[in-house]
Amino acid sequence: MGIEAQFQKVEEKLYQNRYLVDAGQPHIKIAPHEKPSKNLLAMTHLCPAGCYTEAESGQVELAADGCLECGTCRVLCEESGEITWNYPRGGYGILFKFG
Amino acid sequence: MIEEKFDAIVIGAGMAGNAAAFTMASRGLKVLQLERGEYPGSKNVQGGILYADMVEKIIPEFRNEAPLERRLIEQRFWLMSDNAHTGMHYRNDDFNEEKGNRYTIIRSQFDRWFAKESQAKGAILLCETTAVELIRDGYGKVIGVRTDRSGGPIHADVVVLAEGVNGLLGTRAELRPRPQASQVALAVKEMHFLPAEVIEQRFNIKGDEGVVIEAAGTISKGMAGMGFIYTNKESISVGLGCLVSDFAENQTSPAQLLDLFKKHPSVAPLIAGSEVKEYAAHLIPEGGYNAIPKLFGEGYVICGDAAQLNNAVHREGSNLAMTSGRLAGEAIFQIKSRRDPCTAQNLSLYKKLLDDSFVIKDLKKYKDMPDLLHTQASNLFLTYPQLVAKAMENFVRVDGTPKIEKEKNTFSSFRKTRGALGLLGDAVRFARAWR
Ligand SMILES: Cc1cc2nc3c(=O)[nH]c(=O)nc-3n(C[C@H](O)[C@H](O)[C@H](O)COP(=O)(O)OP(=O)(O)OC[C@H]3O[C@@H](n4cnc5c(N)ncnc54)[C@H](O)[C@@H]3O)c2cc1C
Ligand code: SF4
């Protein structure tokens, strides 16, 4: 069994969750960059929802639909200006059934 | 939108906000509570152990009405190596008392119930409403908030910031700093559903009895972190958290760490065959006493996780949040009943009440612990658990080696791995931080 097969895909985990996505209004945005900082690059491992990925060209990209609103990327990357972090509009985003 | 002025606006319908809203509304103050989620609890995550004493101080008869999962009669601590755990189990039938001391809860249900209690006392709750900005007068005093709903600002004599660890309002208004990576843990959690009978069999319990397990060791790969397994009525909460700074340094995926924890030979049989219905993530403030921001100012107070009021050593948070919310509510009520203004000077009463309570006393006791855990993480969470597992194996496994030699092996493995001075130093540092 390969190391990959050991782990469940994060998308499969998110599939159990309830979201109300505010289409076209992402609440987190990445500033354009040539080369990501150490922290921004770390988000490709750290984000519990797997929202951050590294593109072939080396930049970090973000798809925030599955965001769990934990705030980890805000703690690591907001101060430097690499990302802007807001809440989704009231009522939107992750809606924990249990929490 | 809302013309009238309130005595208080409470930001958030979590533990701290609900306690503050209830305390003030039940004493006749005019309270507006804002919650960005669809319903109270929809953004909140807890293990979740509820400590009855602190709820009782707010709603004495809560056991009859609140959605509680299981009454805890047994606590297990597991020190984990890759294939073993060395455990201490504390079970006491005295916990089967009518007024249980600790319960498990499910936050989305508990928060909804708690907020309804405040509404029954007259608090107005607006959900799906995010407060986006604090309004201040020319002197800098907080006099209200702006929301993401249409309509103008809403005014109040005081704003209670119970916005949680990731709150944006207080940090953007520079009333408190954004949490540092070394002051917050990221926790991930799954809800594993199983029939009640299966849970009761696996954990050796009956009726509404419950068991909780706290686990530390190689599961966190040398990072400062803990895992937990809590029994609910028909589900088991399984989760794990580590400091964000450690996660960043080690470039570790929390989802994968959780998967490894679930596969540990001591954990897997407990959750075998379960249906997972949710995957959640949330931060936990772990900066302790030294990370507490200024708790009050002109026209505002800060409560709960937003103020880093969380005891990581004992894994208590909701009770500190609740108590700080209650004490803020009591302070504001006293000030309002004297018809005094909510100035910083008057609101310092909140801090005084909090200083006199277990909240600040407990956090003070462990004020050096966060630093210790941070600098000693790989010894405490990786080396020692492996050594303990080895020592236990030496003690238990019968293989013809004379006992005296086995003991020697155990001692020398400790000394070799950590060095005699290292061992002594660790013990002293730990004892100091615990004192
Ligand atoms: C995995 C995990 C396990 C835990 N286990 C335990 C445990 O077993 N026992 C325990 O006692 N504690 C535990 N804790 C800690 C506990 O959950 C917290 O201490 C507690 O929830 C803090 O309550 P709070 O009211 O301060 O913040 P929260 O519960 O986070 O509430 C903040 C509220 O404010 C709302 N909000 C924020 N900003 C705005 C805004 N601008 N406008 C409107 N609404 C807003 C949020 O939606 C939220 O409802 C655990 C935490 C985690 C993450
Ligand atoms: S807030 Fe948490 S879940 Fe959302 S993108 Fe950032 S790290 Fe990922």
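The values are calculated or read from the model by the stated rules, or taken from the named source; none is laboratory data. Keep in mind it's a predicted model, so treat the numbers as computed, not measured. When we count neighbours, we look across all protein chains shown, and the Cβ atoms used for this are built from the backbone with ideal geometry, even at glycine.
For this structure, a couple of remarks:
- Residue list for region B:97-135, filter: touching a residue at least 40 places away in the same chain (Cβ under 8 Å), over 28 Å from B:Asn232 (Cβ atoms) and among the β-branched types (Val, Ile, Thr): B:Ile124, B:Thr129, B:Thr130
- Count of residues meeting criterion [aliphatic (A, V, I, L, M) and over 15 Å from the mean Cα position of the chain (by Cα)] in region A:8-48: 2
- Test result for B:Lys221, modelled with pLDDT under 95 and within 14 Å of chain A (Cβ to nearest Cβ): yes
- Condition check for B:Thr171: within 14 Å of another protein chain (Cβ to nearest Cβ), within 16 Å of ligand 2 (Cβ to nearest atom) and closer than 30 Å to B:Asp246 by Cβ: yes
- Tally of residues being at the interface with chain A (Cβ under 10 Å from one of its Cβ atoms) and basic (Lys, Arg) across region B:174-186: 1
- Leading residue by the ranking (surrounded by the fewest Cβ atoms within 10 Å (Cβ to Cβ)) among those in region A:63-84 that are within 16 Å of B:Gln180 (Cβ to Cβ) and more than 8 Å from every other protein chain (Cβ to nearest Cβ): A:Ser80
- Being of a type in the set (Val, Ile, Thr) and facing another protein chain (nearest Cβ under 9 Å) is a property that holds for B:Val244.
- When we screen B:Lys262, B:Lys206 for residues that are surrounded by fewer than 24 Cβ atoms within 10 Å (Cβ to Cβ), facing chain A (nearest Cβ under 10 Å) and at pLDDT 95 or above, the only hit is B:Lys262.
- Residue in region B:155-168 that is touching an Asp or Glu at 6+ places or on another chain (Cβ under 9 Å) and free of Cβ contacts under 8 Å to residues at least 12 places away in the same chain present: no
- Members of region A:15-44 found to be more than 12 Å from every other protein chain (Cβ to nearest Cβ) and part of a loop (DSSP other than H, G, I, E, B), listed by number: A:Val21, A:Ala23, A:Gly24, A:Pro26, A:Ala31, A:Pro32, A:His33, A:Glu34, A:Lys35, A:Pro36
- Strands (runs of 3 or more DSSP E) fully within region B:30-88 counting 1 or more residues that are of a type in the set (Phe, Trp, Tyr) and crowded, with 21+ Cβ neighbours inside 10 Å: B:71-80
- For region B:261-290, the set of residues classified as more than 24 Å from the chain's Cα centre (by Cα) and on the phi < 0 side of the Ramachandran plot consists of B:Lys263, B:His264, B:Pro265, B:Ser266, B:Ala268, B:Pro269, B:Ala272, B:Ser274, B:Glu275, listed by residue number.
- All positions within region A:46-62 that are more than 11 Å from ligand 2 (Cβ to nearest atom), in contact (Cβ under 8 Å) with a residue 24 or more places away in the chain and within 14 Å of another protein chain (Cβ to nearest Cβ): A:Val60
- Check on B:Leu50, touching a helix residue (DSSP H, G or I) at 6+ places or on another chain (Cβ under 9 Å), away from every other protein chain (no Cβ under 14 Å) and more than 21 Å from A:Ile94 (Cβ to Cβ): no
- Residues of region B:48-75 satisfying the condition of being of a type in the set (Gly, Ala, Ser) and modelled with pLDDT of 95 or more: B:Ala52, B:Ala66
- So B:Asn18, is it near ligand 1 (Cβ under 10 Å from one of its atoms), touching an Asp or Glu at 6+ places or on another chain (Cβ under 7 Å) and either within 12 Å of chain A (Cβ to nearest Cβ) or at pLDDT below 95 (or both): no
- Region B:320-340, residues that are in contact with a Lys or Arg (Cβ under 9 Å, 6 or more places away or on another chain) and not hydrophobic (A, V, I, L, M, F, W, C): B:Thr323, B:Arg326, B:Gly329, B:Glu330, B:Lys336, B:Ser337
- Looking across A:Gly90, A:Gly50, one residue alone is farther than 23 Å from B:Glu286 by Cβ, surrounded by 15 or more Cβ atoms within 10 Å (Cβ to Cβ) and at pLDDT below 95. It is A:Gly90.
Residue-wise test of (1) surrounded by fewer than 21 Cβ atoms within 10 Å (Cβ to Cβ); (2) touching a strand residue (DSSP E or B) at 6+ places or on another chain (Cβ under 7 Å); (3) at pLDDT 95 or above; (4) facing chain A (nearest Cβ under 10 Å).
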| position | (1), (2), (3), (4) |
| --- | --- |
| B:Lys121 | yes, no, yes, no |
| B:Thr147 | no, yes, yes, yes |
| B:Ser150 | yes, no, no, no |
| B:Val188 | no, yes, yes, yes |
| B:Ile199 | no, yes, yes, no |
| B:Arg202 | yes, no, yes, no |
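- Qualifying residue in region B:354-366 (condition: more than 30 Å from B:Cys242 (Cβ to Cβ), in the same structural domain as B:Val160 (by TED's automatic domain parsing) and not in a loop (DSSP other than H, G, I, E, B)): yes
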